[in-house]
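Below: one structure, written as C-alpha cells.
The values are calculated or read from the model by the stated rules, or taken from the named source; none is laboratory data. On a predicted model such as this, the values are computed, not experimentally measured, just so you know. All Cβ positions, even for glycine, are placed from backbone atoms using ideal geometry, and neighbour counts span all protein chains on display. Please note that ligands, DNA and RNA were not included when accessible areas were found on the heavy atoms of the full protein model with its side chains. Shrake-Rupley method; radii C 1.70, N 1.55, O 1.52, S 1.80 Å.
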Amino acid sequence: MAITYIDCKDSQIKKIFKLDTPKSSYCIGIVDEEGIVGHLYYGEHINDINISALTPFTEAPFVPSKNNRDRGSIVDSIPVEYPTQGLGDYREICLGVESLKGYNAVGLTFASFDIVEGKNEIPGLPATFADKTEADTLILHCEDKVLGLKVDLIYTAFKKLDVITRSVRIINESEESIYLTRVLSACLDMKDRDFETVTLHGSWARERRIESQKLTHNSMIFGSKRGESSHQDNPFLMIKTASAFDEYGEVYGMNFVYSGNFMASAAKDQFDNVRVTMGIHPENFKWKLDKGEVFNAPEVVMVYSGEGTGHMTRTFHDLYRQNLIRSPYKNMPRPVLINNWEATYFDFDTDKLVSIAREASKCGIEMLVMDDGWFGNRFDDNRALGDWKVNEEKLKGGLKYLVDEVNKLGLKFGIWFEPEMISPDSDLYREHPDWAIAIPGRVPVRSRNQYVLDMSRPEVVEYTYKQVVDILQSANIEYVKWDMNRQLTDLGSYYLDSERMGELSHRYVLGVYSLQERLLQDFPNLLLENCSGGGGRFDPGMLYYSPQIWCSDDTDAIERLSIQEGTSLVYPLSSMGAHVSDCPNHIVGRNTPFETRGNVALFGTFGYELDVTRISEEDRNLIPSQVETYHKYNELVRSGDYYRIASLRENGHFDCFGVVSKDKGEALYIFVRGMAKANSRTDFIRLKGLQADKIYTVEGFEEKYTGDILSKVGIPVALRNGDFVSKLIHVIEA
Ligand code: GLA
C-alpha cells in the first residue's frame, strides 16, 4: 500500500496518514478532538510515520494573548490541507461559500476516511488514471456541520512515480441551496526554505517562457480569467529551493488538469510559513449547489523531486504519457503531416491541395491537413464560423472527392475545425443569435471578428457535435485539428438563469470536454490535435483528449527552442505539435537553415507547414531524409527521458538538449548555435543521462567512450559557419 495511517496516543495529533511514492512522502495529521485536517510534511521519502511530536501545531510565535491555545492566532498560522473562508485564516484560502442568508464562513473538520486501491475518475473532468498496481487513494471525509456541507479531500499516491494528485468533492447535505464562491483544488503549506517560484508565462506566438522569482511575503498570484488556460499563463507552478538546478535541489511542481480559468498563488505569511494554492479562478465563478448536489473540483498533479528540476520534468512526462493521455496514438509514430495554413492561408482549392499532396507524397510525407477556410463562405477570417458545410466553390467535387484523391496519392487526410466559435456573419448566428456568449443589451466584444458559442447550453453542444460528425462521416478523415481562436468576454448566457450565471465559465469548459469525449468514444481511431491560436490551451486537461497540441503559431526554429523548452518543462515531447515552415518565417521574418528547422521539429510531433510545390529545390530535396530521420528516432523521442543541457535563451550562444532511452542504450541530442561569431571557440557539451559504465559510440567519432567520460569531459561540437546552424548527436551503446 502506498498509504498508511496510525492512531496516535497522548498526542495533539490524533491520526497520521502517510502517502508514499518511491522517493517522496506526504503526511497529513488530524489535530485535536475538533479534527483540524493539518499538513505535516511533504518532501523526500521518510520511513517512519510517527512524527506527531515534531509537528507545528503549537501557539503561533507572536500573539497578544496569554492563552497559549488562542484559536484566532492558531488558524492563521498552522499548516492545513484545505483552508476555508471567514474563520480566521487570512492567507489565501481554498474554499469560499455564500449561504442563502448571505454569510461567508465555512470550516472543515475531519469525519472519517477511506483508503482504496487504484484511482477513481472525476465525473465530467479529465484526470490522471491508475489501476491498483499503480496507485492508492485516500479520501478524507470532512464536514461543516453548521452548513451541512460535506467535503471530500481526495489524494492519490502513485507507486512508481513521485506523484501525488489531489482533487475535491463537495456535497450539499443540507436542506437548502448554497453558493460556492471559491473552490480551489490544492493547498500546500510548508516552512520557508528560501524558495523561488518558476512559472511559464507568455503571449500569442511566444508561449511558455520560463520565469523565476524569489518567493516573498507579497502574494505571488497568477492565472487565467480568459476562459481557457491561455497563452499568457500556463497552469503550472514550481516551487524550488534557491540552490536547486537541473540535477540537484528540492523542487515541487504543481500542474492543474483543467483547460479554463485557473489561479495559482504562493506567498510567505507573517511567520514565514509558505502557502501555495491552485484551482479554478474564483473570479467569474459562483456555483449554486442545490440540496443533494455534488461539485467536483479538477485535479492538481504534484511532483516532488529531491534531484532537481530534471527529475520533476521526467516524472511529469512519464505520468502524462502513461497515466493521462489515452489516445491509441500515444505510443505510435504520428503520420508526418503537411498543413496548408502557412502555405495558402484562405486561398486554396481542390487543385491546389492535390498539387501539394502530390509533391508531398514524393517526399515521403504521410498526411495532408486542410486547415481553416474550407467551409461556408470562409474566404477570410471575418465570417462563417458555425457554418460547417463544405464550400464547393473552393472544393470542387466536394470533400469526399478531395479526400479520395489525396488517399490515392498515398496520403491520409486531416481537417481543421473551430467548433466552439460563431461568426456574427454566419447563417448559424443569423438563425441563433442567442447561442453566442453575450450579455443582453450589450454588443459583445469581437475578437478575430468572432464570438464564442455558449457551451453551457446542451442544444449548442448537441448541434456542434452533429456538425462535426457529419463532416467526419462524409469522407475518410483520420485527423482533426480542433482550434479555439479567441478568449471569452461578455460572460452572459441566454440559457442560464441569473442565479447560475456565475457557472458559465466552468460549464463552458465542461461542455467542451463533453464534446471531445463523445468524439473520441465515437471515433476511437481519430487522431485529435488540440490548438488554440497556437498554444493557448496547452494543458493536461486537453492532453486527456488529444495526444498532441499545436505548440505555437510561431514556427521559427529559434523561437521554437524557447517555446519548446518551456513546454517540455512539464509536457512530454510526444505531445508538442512542431512543424518545419518556410523562410523568411511568417511571424518573425527570420531565416534559418532548413536543416535546423527540421532538427528542432524532430523533437516534437514533426510535420511541415509550407507550400512544398513552391519552396526551393534544395530545401525540398532535404525532406525525404528528414522524414527518414524522423522515423529513425521518433520512438526514442516519444518514449525517452528528456535532459536539458544548455539554453540559447539563457546563454545567448547555443542550445542543447536530448532524450535518452529508458535502458540508457541510445540517446539523441540536438545542438543549435545562435548567430555566427568570428573566431569563436569550439563548443564542448557534456552529454547528460547516459549510464557511467556503459560504452558508447558517438556518431562522427571513431573512438568509443564510457558514459562517464561523455558526461564529465563532454565532446567537442564542430559546426560549419553560419547563423543558427545545428547538428543531431546520436549516441548508441557499443
Ligand atoms: C490558429 C491556428 C493556426 C491556424 C489558424 C487558422 O491561429 O493556431 O495554426 O489553424 O488558426 O485560422
- line: Here the residues within the stretch 573-606 that are among the hydroxyl-bearing types (Ser, Thr, Tyr), closer than 17 Å to residue 320 by Cβ and assigned to a loop (DSSP other than H, G, I, E, B) are 605
message: Looking for something open to solvent by less than 20 Å² (accessible area, probe 1.4 Å) and part of a loop (DSSP other than H, G, I, E, B) - is there at least one such residue anywhere in the stretch 245-255?
response: no
- line: residue 429 passes all but one of the listed conditions (1) within 16 Å of the ligand (Cβ to nearest atom); (2) among the hydroxyl-bearing types (Ser, Thr, Tyr); (3) more than 17 Å from residue 536 (Cβ to Cβ); the exception is number (1)
Test for residue 590: is it closer than 21 Å to residue 311 by Cα and more than 16 Å from the ligand (Cβ to nearest atom): no
message: Conditions first: (1) out of contact with any Ser or Thr (no Cβ under 6 Å at 6 or more places or on another chain); (2) among the hydrophobic types (A, V, I, L, M, F, W, C); (3) assigned to a loop (DSSP other than H, G, I, E, B); (4) touching a residue at least 60 places away in the same chain (Cβ under 8 Å). Residue 316 passes all but one, so which condition is the exception?
response: (3)
- prompt: Given the conditions (1) under 24 Å from residue 118 (Cα atoms); (2) open to solvent by less than 10 Å² (accessible area, probe 1.4 Å); (3) β-branched (Val, Ile, Thr), and given that residue 13 satisfies all but one, which numbered condition is not satisfied?
  reply: (1)
task: Provide a single number: the residues in the stretch 505-540 that are more than 17 Å from residue 223 (Cβ to Cβ), touching a residue at least 60 places away in the same chain (Cβ under 8 Å) and among the hydrophobic types (A, V, I, L, M, F, W, C).
output: 6
- prompt: Just one of the numbered conditions (1) more than 30 Å from residue 408 (Cβ to Cβ); (2) at pLDDT below 95 is not true of residue 280; which one?
  reply: (2)
Count of the stretch 424-450 residues which are within 26 Å of the chain's Cα centre (by Cα), open to solvent by less than 10 Å² (accessible area, probe 1.4 Å) and more than 22 Å from residue 498 (Cβ to Cβ): 1
- request: Report yes if some residue within the stretch 645-668 is touching a strand residue (DSSP E or B) at 6+ places or on another chain (Cβ under 7 Å) and part of a helix (DSSP H, G or I); otherwise report no.
  value: yes
message: Restricting to the stretch 355-381, name every residue that is among the basic types (Lys, Arg) and over 20 Å from residue 448 (Cβ atoms).
response: 358, 362
- prompt: Mind checking which residues of the stretch 453-476 are outside any helix (DSSP H, G or I) and either within 16 Å of the ligand (Cβ to nearest atom) or open to solvent by 50 Å² or more (accessible area, probe 1.4 Å) (or both)?
  reply: 476
field: Hits in the stretch 21-48 (condition: out of contact with any Phe, Trp or Tyr (no Cβ under 8 Å at 6 or more places or on another chain) and over 21 Å from residue 94 (Cβ atoms))
entry: 22, 33, 45, 46, 47, 48
- request: Would you point out the residue of the stretch 675-686, among those that are in contact with a strand residue (DSSP E or B) (Cβ under 8 Å, 6 or more places away or on another chain) and at pLDDT below 95, that is surrounded by the fewest Cβ atoms within 10 Å (Cβ to Cβ)?
  value: 682
task: Please find, within the stretch 596-648, the residue that is most open to solvent (accessible area, probe 1.4 Å) out of those that are polar (S, T, N, Q) and within 24 Å of residue 721 (Cα to Cα).
output: 621
- prompt: Would you call residue 53 farther than 30 Å from residue 290 by Cβ, among the hydrophobic types (A, V, I, L, M, F, W, C), out of contact with any strand residue (DSSP E or B) (no Cβ under 9 Å at 6 or more places or on another chain) and modelled with pLDDT under 95?
  reply: no
query: Is there a residue being touching a Leu at 6+ places or on another chain (Cβ under 7 Å) and at pLDDT 95 or above anywhere in the stretch 372-379?
result: yes
query: Taking the stretch 256-275 as the search range and keeping residues that are of a type outside the set (Gly, Ala, Ser), surrounded by fewer than 24 Cβ atoms within 10 Å (Cβ to Cβ) and not in a loop (DSSP other than H, G, I, E, B), which one is nearest to the chain's Cα centre (by Cα)?
result: 263
field: Answer residue from the stretch 319-364, given it is among the hydroxyl-bearing types (Ser, Thr, Tyr) and outside any helix (DSSP H, G or I) and is farthest from the chain's Cα centre (by Cα) among those
entry: 345
statement: Scanning the stretch 499-550 for residues that are more than 26 Å from residue 279 (Cβ to Cβ) and of a type in the set (S, T, N, Q), the one farthest from the ligand (Cβ to nearest atom) turns out to be 521
query: residue 91 passes all but one of (1) within 21 Å of residue 268 (Cβ to Cβ); (2) open to solvent by 50 Å² or more (accessible area, probe 1.4 Å); (3) among the basic types (Lys, Arg); which number fails?
result: (2)
statement: By residue number, the members of the stretch 194-217 that are under 18 Å from residue 246 (Cα atoms) and assigned to a loop (DSSP other than H, G, I, E, B) are 194
message: Can you tell me how many residues within the stretch 478-492 are open to solvent by 10 Å² or more (accessible area, probe 1.4 Å) and away from the ligand (no atom under 16 Å from the Cβ)?
response: 5
statement: Residue count, the stretch 365-423, condition in a loop (DSSP other than H, G, I, E, B), away from the ligand (no atom under 16 Å from the Cβ) and either at negative phi or open to solvent by less than 20 Å² (accessible area, probe 1.4 Å) (or both), comes to 9
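This table checks each residue for (1) over 20 Å from residue 166 (Cα atoms); (2) modelled with pLDDT of 95 or more; (3) touching a strand residue (DSSP E or B) at 6+ places or on another chain (Cβ under 6 Å).
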position	(1), (2), (3)
23	no, yes, no
31	yes, no, yes
62	yes, no, no
110	no, yes, yes
task: Return only the number of the condition from (1) free of Cβ contacts under 8 Å to residues at least 60 places away in the same chain; (2) crowded, with 18+ Cβ neighbours inside 10 Å; (3) within 35 Å of the chain's Cα centre (by Cα) that residue 714 does not satisfy.
output: (2)
statement: Taking the stretch 607-642 and keeping only residues that are part of a helix (DSSP H, G or I), farther than 25 Å from residue 331 by Cβ and of a type in the set (A, V, I, L, M, F, W, C), one is left with 622, 623
Candidate set from the stretch 1-21 (those that are over 18 Å from residue 304 (Cα atoms) and part of a loop (DSSP other than H, G, I, E, B)); member that is modelled with the lowest pLDDT: 10
